Amino acid sequence: MSKPRGSAPPTRTVRQRFTILYAVLFLLSGSGLLALTNLLAGASSVTQPVPGQTPPVPRPGLDRAQERVHQLEAQLSDLQAVQSHRLLVGSVIALVVMAGISFLLGRAVAGRVLRPLRTITAATRRISAENLHERLAVPGPADEVKDLADTIDGLLERLEASFAAQRRFVANASHELRTPLTTMRASLDVAVAKPVPVPAQTLALADRLRTELDRVDSLLEGFLDLARAQHGELHGRVPVALGTLVSESLAARAADIAERDLTVEAHVQDAAWTRGSPPLLSRMVNNVIDNAVVHNRRGGSIRLATGTGNDGARLVVETDGPVLDPEQVARLTEPFRRLAADRTGSETGAGLGLSIVAAVVGAHDGDLALHARPEGGLRVTVSLPPEPAPEDGSRATVFSPPEPAPEGAAT
């Protein structure tokens, strides 16, 4: 699942449209001015007899002078034609030069006019769920651009209030729901621990209720992790080694792997380091491996690998099983989305595992890819930003969950 990178640039921007519009308007006005100039110049070159006068009558002895006058008039007419042609050529050249200048000026003016909009766009893209407290705060006169910026600031303020209310709801719900769960579990433990013989039906019912309480508690924990990851609560980012998390997760699930007779092939590299929240990254790795264990055929195999590549630190997990529908696999990151239970013979889980994985990866600016393997099964690839290994060679800071309480102990 790729995180959002921003919208693709438009093929024709507003600045280009403003520039073209400015240049076209200048060409139209310049062409009109050129046509009017040449029209007036052509009209002024036409000689007309003065009203009230008659053409002179040729008189003897003046033929030679009159012929000279005609020659001068012809030369004057040719000179006017040459000047008109030069005027036309010069006007066209001036029009072309001014068209280029107008295009550059139009681009500069359009850029200056649209600069506040680019500032608003860049600031809006920087604001996410982690920094909703930021505002555009565009200075300037009370015009349309300022009104747009103020409207976006109002929207951000409402979003910040909504996110804060959702976080408070998650925190309050976790407290309110854990209290009755703890009370119910303690009551069951007290009921089955009485010295008097407890009927077998009561013991069976207590075991069943305890199992359901564990499922509800796990579901609640999944909701909390999903909410924390989606809200970007990544306080205390430290270098984390994916290989260490994978090794600890496999060790914690050794019994489940043996029970399902699964073969694990792990290739763990010490160079696969990233920076993030240890609890959330640990939950991410646990969910990926849980998905590989639970949704696998009995006697199947799990192939895990950690390493570094061009896209950063990587975790790859492959499982066996029947051939899956790629369209359904692409929707597995949606909450409560599960494939058909008959592919593994199990209905374990609430469909939040890969949703939490996707949220944690997105909160760490990573990428999650799910692919249906052609030979059957699922391939999960997690890519996270790389982090240099500590120079002192120390182990990664990892999240160690608390040990479970002994059976029958009050919680």
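Couple of notes before you dig in:
- Condition check for Asp153: of a type in the set (D, E, K, R) and under 30 Å from Val360 (Cα atoms): yes
- Listed by position, the strands (runs of 3 or more DSSP E) contained in segment 283-393 that have at least 1 residues being at pLDDT below 80 are 301-309.
- Residues in segment 152-162 that are charged (D, E, K, R) and surrounded by 14 or more Cβ atoms within 10 Å (Cβ to Cβ) were compared, and the one that is nearest to Leu114 (Cα to Cα) is Asp153.
- Restricting segment 120-151 to residues that are surrounded by fewer than 11 Cβ atoms within 10 Å (Cβ to Cβ) and aliphatic (A, V, I, L, M), the residue that is farthest from the chain's Cα centre (by Cα): Ala142
- Unique match (being closer than 14 Å to Asp217 by Cα and either of a type in the set (S, T, N, Q) or touching a His at 6+ places or on another chain (Cβ under 7 Å) (or both)) among Thr202, Thr179: Thr179
- Taking (1) out of contact with any Pro (no Cβ under 8 Å at 6 or more places or on another chain); (2) at pLDDT below 75; (3) farther than 30 Å from Val380 by Cα; (4) not aliphatic (A, V, I, L, M) in turn, Arg17 satisfies each apart from (2).
- Which listed residue, of Arg64, Arg107, Arg86, is at pLDDT 70 or above, farther than 30 Å from Gln328 by Cα, touching a helix residue (DSSP H, G or I) at 6+ places or on another chain (Cβ under 8 Å) and among the charged types (D, E, K, R): Arg107
- When the residues of segment 260-282 are filtered to those that are among the hydrophobic types (A, V, I, L, M, F, W, C) and not in a strand (DSSP E or B), the one that is modelled with the highest pLDDT is Leu262.
- Condition check for Gly222: under 19 Å from Gly377 (Cα atoms), of a type in the set (Gly, Ala, Ser) and either in the same structural domain as Ala191 (by TED's automatic domain parsing) or modelled with pLDDT of 90 or more (or both): no
- Yes/no for Leu181 being at pLDDT 80 or above, aliphatic (A, V, I, L, M) and not in a helix (DSSP H, G or I): no
- When segment 163-178 is filtered for residues that are under 28 Å from the mean Cα position of the chain (by Cα) and either at pLDDT below 80 or surrounded by 11 or more Cβ atoms within 10 Å (Cβ to Cβ) (or both), the ones remaining, listed by number, are Phe163, Ala164, Gln166, Arg167, Arg168, Phe169, Val170, Ala171.
- Test: Ser84 is assigned by TED's automatic domain parsing to the domain that holds Tyr22, within 15 Å of Ser29 (Cα to Cα) and touching a residue at least 40 places away in the same chain (Cβ under 8 Å): no
The values are calculated or read from the model by the stated rules, or taken from the named source; none is laboratory data. Remember, predicted model here, so these are calculated numbers, not experimental data. Here Cβ is always computed from backbone atoms with ideal geometry, including for glycine, and neighbour counts include all displayed protein chains.
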